[in-house]
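Accompanying notes for the structure given below.
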Amino acid sequence: MPSMLTLIHSSVIARPNKAALVWKESSEGSAYQHMTYSELWTSVQQFAYALQAAGVREGSKVAILSTNCPAWTISDLGIMACGAVTVPIYPTVTPQQVHYILQNADVEVVLVENELQAHKVQEAATEQLHTIVCFHPNEQSVGAGVLTFDEMLARGAALMAEQGPLRTWENVQGDDLATIVHTSGTTGNPKGVMLTHRNLVDNAQYTLQYVPIHAEDVTLSYLPLSHIFERTCGQFGMLMSGATITFAESLAKIQQNLLEVKPTVMTSVPRLFEKIYDGVMKNVSESPKLRQSLFHFALKIGREHLARPTAKTKLLHPLLDRLVFHKVRERMGGNIRLLISGGAALSPTVGEFLKVIGLNVCEGYGMTESSPVIACNPANDLRVGTVGPPLKNLEIKIAPDGELCVRGSSVMAGYYKDEEATRQTIDEEGFLKTGDIAELVDGHIRIVERKKNILVLATGKNIAPFPIESSLALSPYISQAVLIGDKRKFVTALLVPDFDTLKQWAASHGVAYSSMEELVAHPKVHHLYQGEIHHQLSGFASFEQPKKFKILAQDLSMDSGQLTATLKVRTHILFTHYKDEIEAMYAEETKSAAAM
């Protein structure tokens, strides 16, 4: 069984002079830099030599604490080339969380992005940690005991000149541990998921059967490489295929980078696609009536053409596509042929919309414990509302309670130093319990809801929050919605406004305010959102619709701990932050019950 390194080395041999990594330096106005596959492999060998000189051996744990950049990829492959184990850490985590992961994974070396992260690691240092390496030092000195990435490469280059090409990577086998990836910790301390080279290789190879990547493809990498979705699909899958990875400068510059890079494929979480949908619909609503009519007519013809092409749609669809939808695609660079969505569920409304306008989204599904892809919509058979068939190396079953279970070569080796948690997650037959309620529709998997997210009302009614939350988020005034109601008599909701749209509405309706708190508490705003809830949820049962709601005065954020790095809501933290507001929505009901 080949290791991940063997497959990437094949791309190096086949395309030594092709651009592997592309990026901009941090200085304003800088041009894009390129690193060929041959140069990438040389840097990987040099860094591996330097790690070995620093005491890294087969099985050693080396952490990376950085945003995406060429040094991240070089380091990841260099760690593996030593036979060592990569431990990615999200750059947004606190020193306390860093300490937990370093301790839990027995990390000996940490690679950090800058001095800020170096200080965080120094604060969180454990006994076994002996080396810190900084990718991008802001000054000549990064502090005592901290090496720079350039110093490491220089040391490795000298050793390579002396000893010849690195050979230790050739000894790495498929069943060797490649990485320990910690879960997002939405319900407590994160667990270290052990993934082998076989896990990663099989997951990437079988995913590529559904989502083919070509050597000519260019991707824009913006999701954190510390998440296994981006690392397997956006890094390993691309490099195995000989494609080019371009690193986005930042989240704030994605729109600019899309126009510059003109990617052909891209991995993303649904939030980006939702923003595209919201942006287009907002622009349409503000356009002249004639343009609005043309857009909605184009959508109608597009839906009809996808469902069942007729002579009418064959004539009109290409014309309307050039007049209307081409402009939307141009905002994403104009060359996108394939989008890969993962990390969370994609609203069927958004998925259908993107398909109609010519942006093909292969929605997939998985979890860290499965390396991560379990299922994916094939590029030639996109079925909106499903996450596609399971990968061909995986076997699935639906448990009596509806839980999806999966077994196969990309399922983890277990949780690091936690045999009890492993036994609870992988049953005696080797099936991984996903924690998701699912259905099979003509061989395609449809995810209903997380088991733990199902709301069981005090009345006995069961509610799946995702469809309701997704429908609410389609309102131009609602950025996010979180349903509440487990063990309660009725459903309530926390609503995060689309603040720009709400401010514009306030200005046009004469609503004065001095703070966001004052704006969201205004009676006219409350009336607006009441109407939006009624409009967006008209198709849902009355018991599924929020009886009361609270409009939040600020976005949910990773810094506050309310969101994971893939923008999933940590509901237990959110509910703690807004405990008083939540209880206030139920207080009147509680008083009435007490009076009886």
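The values are calculated or read from the model by the stated rules, or taken from the named source; none is laboratory data. The shown structure was predicted, so the numbers you read here are calculated from the model rather than taken from an experiment. Heads up, the Cβs are rebuilt from the backbone with ideal geometry, glycines too, and the neighbour counts pull from every protein chain shown.
Of note:
- Taken over segment 102-118, the criterion of being of a type outside the set (Val, Ile, Thr) and touching a strand residue (DSSP E or B) at 6+ places or on another chain (Cβ under 9 Å) is satisfied by Leu102, Asn104, Ala105, Asp106, Glu108, Leu111, Glu113, Asn114, Glu115, Gln117, Ala118.
- Residue check for Leu472: assigned to a helix (DSSP H, G or I), touching a strand residue (DSSP E or B) at 6+ places or on another chain (Cβ under 6 Å) and either surrounded by 17 or more Cβ atoms within 10 Å (Cβ to Cβ) or acidic (Asp, Glu) (or both): yes
- When segment 171-221 is filtered for residues that are within 22 Å of Ala63 (Cβ to Cβ), hydroxyl-bearing (Ser, Thr, Tyr) and modelled with pLDDT under 95, the ones remaining, listed by number, are Thr183, Ser184, Thr186.
- Verdict on Ile447 being crowded, with 19+ Cβ neighbours inside 10 Å and more than 22 Å from Val181 (Cα to Cα): yes
Residue by residue, here is whether (1) at pLDDT below 95; (2) touching an Asp or Glu at 6+ places or on another chain (Cβ under 7 Å); (3) of a type in the set (Gly, Ala, Ser) holds:
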| residue | (1), (2), (3) |
| --- | --- |
| Pro263 | no, no, no |
| Thr267 | no, yes, no |
| Arg271 | yes, no, no |
| Lys275 | yes, no, no |
| Gly279 | yes, no, yes |
| Asn283 | yes, no, no |
| Glu286 | yes, no, no |
| Leu294 | no, no, no |
| Ala298 | no, no, yes |
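- Only a single criterion out of (1) surrounded by fewer than 16 Cβ atoms within 10 Å (Cβ to Cβ); (2) of a type in the set (Phe, Trp, Tyr); (3) modelled with pLDDT of 95 or more is not satisfied by Phe543, namely (3).
- Residue within segment 115-129 that is closer than 12 Å to Ala63 by Cα, in a loop (DSSP other than H, G, I, E, B), modelled with pLDDT of 95 or more and assigned by TED's automatic domain parsing to the domain that holds Ile79 present: yes
- Here Met4, Met35 are screened, and the one residue that is closer than 17 Å to Ile228 by Cα and either surrounded by fewer than 24 Cβ atoms within 10 Å (Cβ to Cβ) or not acidic (Asp, Glu) (or both) is Met4.
- Sub-9 Å Cβ pairs linking a first residue in segment 264-291 that is basic (Lys, Arg) to a second residue that is loosely packed, with under 14 Cβ neighbours inside 10 Å, at least 6 apart or interchain, are Lys282/Asp500, ordered by first then second residue.
- Counting only strands (runs of 3 or more DSSP E) that sit wholly inside segment 1-76, those with at least 1 residues that are more than 27 Å from Leu195 (Cα to Cα) are 19-24, 32-36.
- Taking segment 184-250 as the region of interest, the strands (runs of 3 or more DSSP E) fully inside it that hold 2 or more residues being more than 22 Å from His34 (Cβ to Cβ) and either touching a strand residue (DSSP E or B) at 6+ places or on another chain (Cβ under 9 Å) or not assigned by TED's automatic domain parsing to the domain that holds Gln103 (or both) are 192-196.
- Within the option set Lys282, Lys275, Lys300, being assigned to a helix (DSSP H, G or I), closer than 28 Å to Leu472 by Cα, touching a Pro at 6+ places or on another chain (Cβ under 7 Å) and not aliphatic (A, V, I, L, M) holds for one residue only, Lys282.
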